[in-house]
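> The structure follows.
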Amino acid sequence: MNTSALIMMVTTEVIISAITFYYFWKVLKTPAKKEPDSYSENDEVKKS
Amino acid sequence: MAGNAVGLGNFLRFPVQAIQNGGGAFIIPYLVCFLLMGIPLLYVEWAMGRFGGKFGHHSTPFVLDAMDKRKFWKYIGVFGIFTNVAVAAYYCYLESWTLSWVWHSVARDFAGKTSDEVAGFFGNYISLTSYEPIIFWILCLLLNTWILSKGLSGGVEKAAKIGMPLLILFGAFLAYKAITLQAGEHNAVNPGTLGLSFLWTPQFNTIFEPKVWLAAAGQIFFTLSVGMGSIQCYASYVKSKDDIALNAMSAGWMNEFVEVVLGSAIIIPISVGYLGIDKVVEMTKSGGLGLGFKTLPYLFEQWGSVLAVVCGVFWFGLLFFAGITSSLAMGTPVMAFLEDEFGWKRNNAAWMFGFVVLILGLPTVLFFNYGVFDEYDYWAGTVSLVVFALVEIILFAWVFGMDKGWKEITEGADIKVPVIFRYIIKFVTPLILGWVFFASLPGIWDKIKNVDIDKQILAATDPAVIEQLQTQLLYVNISRIGLVAIWLGIAYLVFVAYKKRIKEGRFTS
């Protein structure tokens, strides 16, 4: 693999991976909003 | 939403677009398009969708209608329904290949074949030497329609929470095997890194070629589901107090990670490793989306019979899963339109969607070898997305206005949206998107005039080849008429819905 391709690939992939994991971490760290929210499919089913 | 965004485009379409557009010549425009068009348009479409949802609109004609008083916007919104129907028409066929390749992996139909024979197996398959492709396609279409009609898309999304990480993990394993592939090992003729060099070596001499930029923008929009109307539909159910900004960014970047980091490192290195650059470029000239089906089974066969079955089932099965989450998302805006505007029940709306996709998709199955599949992909999967994205960003930034638009993007946001995007959305994205579109117009015009096919006819000497090309010309023209007819049909339905709304005193702009 030539040097320019390697530099281009590594730089791009490191930046994209870093930003992806940053937003992934943000999603995990963000506290859930008060119910009812817009995502009813995530709600726990109430036991009768 | 990430389940919807991650689909067959990441693993099957991206490598083909990259190869067709010169590898290293494609990657720079592609990355620029992602940053300056894809990301801003994700913010814009999520904001538009949530804004339209406040008025009870869930499909683009009336989401756009709610944003300005002028009456014509609803007809621009027709693209948001048309694209879903037209892309689903060929996407379901692509999806059915994955299902079929699971079956063929189990049946050991690739065992003992050379790399050329495995590639030839796909050629025979799409040439309809048996009824099998049609059966798998119908099965796939029925499954999609049934899931939509029963309202089970949520269940599929829940299953995607397991399926998607598995796909990513298996993709990472395949990427590792592809990158470390050596010439002579497992019958490979080139090292896997040769394919990576082809993709990643920057080529600045063709960087301003409009055709490459159109393809790059089309791929970004296709992969992010931007310019399709499905994001607006999804966002229209989000409440004002809830976040859209982090949703947009997490889904968009996750999709990009899968495409650039994994999607680029599987099919291209493996295909080039086994077939060489020239042959791979030749193979993608027509029916390019089949590249992964022509090469990966051969690689799996080199790992022994047990692993060949396990990998074939796992890989193509997970791809099917990624595909179906996306095709279900294509049905949702169409059904939302029929339910909102004509009071149809979900069941009826789903079966109507399935029926239209069946009729529109049939030519892509029957006349695949005449370029109908590629024709749909060009007009619906590239040009239509770029046109709709261009018009909607002008509407959002300049007609609806950035003050209201920015408020809509940041309302309830769980992240601080960088303020630079306010200016990118207003100035940079419309300008660059406008340039891509207008600079591509001569190429689009040549496509309409069938310049390429005409050249091939002139150059051909074999009467059989000339006849084949003339038949191709006929089918290509008919397929375009079909696509235009569908667009006009949807526009007429929007007109009827508008009149119905006025009669009933329901809100329009």
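> Kindly indicate which of B:Leu64, B:Leu94 is surrounded by 20 or more Cβ atoms within 10 Å (Cβ to Cβ) and touching a Lys or Arg at 6+ places or on another chain (Cβ under 7 Å).
Every option except B:Leu64 fails the conditions.
> Could you list, in sequence order, the residues of the range B:241-259 that are in contact (Cβ under 8 Å) with a residue 24 or more places away in the chain, part of a helix (DSSP H, G or I) and either at the interface with chain A (Cβ under 8 Å from one of its Cβ atoms) or over 18 Å from the mean Cα position of the chain (by Cα) (or both)?
If the condition is that a residue be in contact (Cβ under 8 Å) with a residue 24 or more places away in the chain, part of a helix (DSSP H, G or I) and either at the interface with chain A (Cβ under 8 Å from one of its Cβ atoms) or over 18 Å from the mean Cα position of the chain (by Cα) (or both), then B:Ala245, B:Leu246, B:Asn247, B:Met249, B:Ser250, B:Met254, B:Glu256 are the ones that fit.
> Where the second residue is of a type in the set (S, T, N, Q) and surrounded by fewer than 24 Cβ atoms within 10 Å (Cβ to Cβ) and the first is touching a residue at least 60 places away in the same chain (Cβ under 8 Å) and lies in the range B:292-310, which pairs have Cβ atoms under 7 Å and are six or more apart or on separate chains?
B:Tyr298/B:Ser115; B:Gln302/B:Asn187
> Let me ask you something else. Hey, does the range B:327-337 have a residue that's within 17 Å of the chain's Cα centre (by Cα), crowded, with 24+ Cβ neighbours inside 10 Å, over 18 Å from B:Asn187 (Cα atoms) and of a type in the set (S, T, N, Q)?
Within the range B:327-337, one or more residues are within 17 Å of the chain's Cα centre (by Cα), crowded, with 24+ Cβ neighbours inside 10 Å, over 18 Å from B:Asn187 (Cα atoms) and of a type in the set (S, T, N, Q).
> Looking at the range B:208-240, which of its residues are under 19 Å from the mean Cα position of the chain (by Cα), hydrophobic (A, V, I, L, M, F, W, C) and assigned to a loop (DSSP other than H, G, I, E, B)?
Hits for the range B:208-240 are B:Val226, B:Met228.
> Starting from residues that are part of a helix (DSSP H, G or I) and not hydroxyl-bearing (Ser, Thr, Tyr), keep the ones in the range B:416-428 and report whichever is nearest to B:Met249 (Cα to Cα).
B:Phe421
> Quick one: count up the residues across the range B:174-185 that are more than 14 Å from every other protein chain (Cβ to nearest Cβ) and surrounded by 15 or more Cβ atoms within 10 Å (Cβ to Cβ).
Final tally of qualifying residues: 2.
> Name the residue, out of B:Trp344, B:Trp379, that is in contact with a Leu (Cβ under 6 Å, 6 or more places away or on another chain) and within 30 Å of B:Glu504 (Cβ to Cβ).
Checking each option against the conditions leaves just B:Trp344.
> Would you confirm whether any residue within the range B:220-240 is closer than 18 Å to B:Gly24 by Cβ and more than 14 Å from chain A (Cβ to nearest Cβ)?
No, there is no match, as no residue in the range B:220-240 is closer than 18 Å to B:Gly24 by Cβ and more than 14 Å from chain A (Cβ to nearest Cβ).
> Please go through the range B:133-153 and pick out each residue that is under 21 Å from the mean Cα position of the chain (by Cα) and modelled with pLDDT under 85.
Hit for the range B:133-153 is B:Ser153, nothing else.
> Across the range B:133-165, what is the total count of residues that are touching a residue at least 60 places away in the same chain (Cβ under 8 Å), away from chain A (no Cβ under 14 Å), surrounded by fewer than 15 Cβ atoms within 10 Å (Cβ to Cβ) and farther than 23 Å from B:Phe355 by Cβ?
Going through the range B:133-165 one residue at a time, the tally reaches 0.
> When you check B:Val189 against the structure, is it surrounded by fewer than 24 Cβ atoms within 10 Å (Cβ to Cβ) and away from every other protein chain (no Cβ under 14 Å), yes or no?
In short, yes.
> Also, quick follow-up: Search the range B:387-402 for residues that are touching a residue at least 12 places away in the same chain (Cβ under 8 Å) and pair each with any residue that is of a type in the set (Gly, Ala, Ser) and not in a helix (DSSP H, G or I) when their beta-carbon atoms are under 6 Å apart and the residues are at least 6 apart or on different chains.
Once the first residue is touching a residue at least 12 places away in the same chain (Cβ under 8 Å) and sits in the range B:387-402, its partners that are of a type in the set (Gly, Ala, Ser) and not in a helix (DSSP H, G or I) give B:Phe388/B:Gly227; B:Ala389/B:Gly227.
> Then there is this: Kindly check whether there is at least one residue in the range B:74-96 that is within 27 Å of B:Gly276 (Cα to Cα) and assigned to a helix (DSSP H, G or I).
Yes, that holds for at least one residue.
> Next up: Of everything in the range B:267-278, what is under 17 Å from B:Gly24 (Cα atoms) and either within 14 Å of another protein chain (Cβ to nearest Cβ) or surrounded by fewer than 24 Cβ atoms within 10 Å (Cβ to Cβ) (or both)? Give them in sequence order.
B:Ile268, B:Pro269, B:Val272, B:Gly276, B:Ile277, B:Asp278
Conditions tested, residue by residue: (1) among the aromatic types (Phe, Trp, Tyr); (2) under 28 Å from B:Lys161 (Cβ atoms); (3) within 22 Å of the chain's Cα centre (by Cα).
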site: B:Val6; (1), (2), (3): no, yes, yes
site: B:Val16; (1), (2), (3): no, no, yes
site: B:Phe51; (1), (2), (3): yes, no, no
site: B:Ala88; (1), (2), (3): no, yes, yes
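> Right, next: B:Leu199 - would you say it is of a type in the set (A, V, I, L, M, F, W, C) and away from chain A (no Cβ under 12 Å)?
No: the conditions fail for B:Leu199.
The values are calculated or read from the model by the stated rules, or taken from the named source; none is laboratory data. All of these numbers come straight from a predicted model, not from anything done at the bench. Cβ coordinates were reconstructed from backbone atoms using ideal geometry, including for glycine residues, and neighbour counts include every protein chain displayed.
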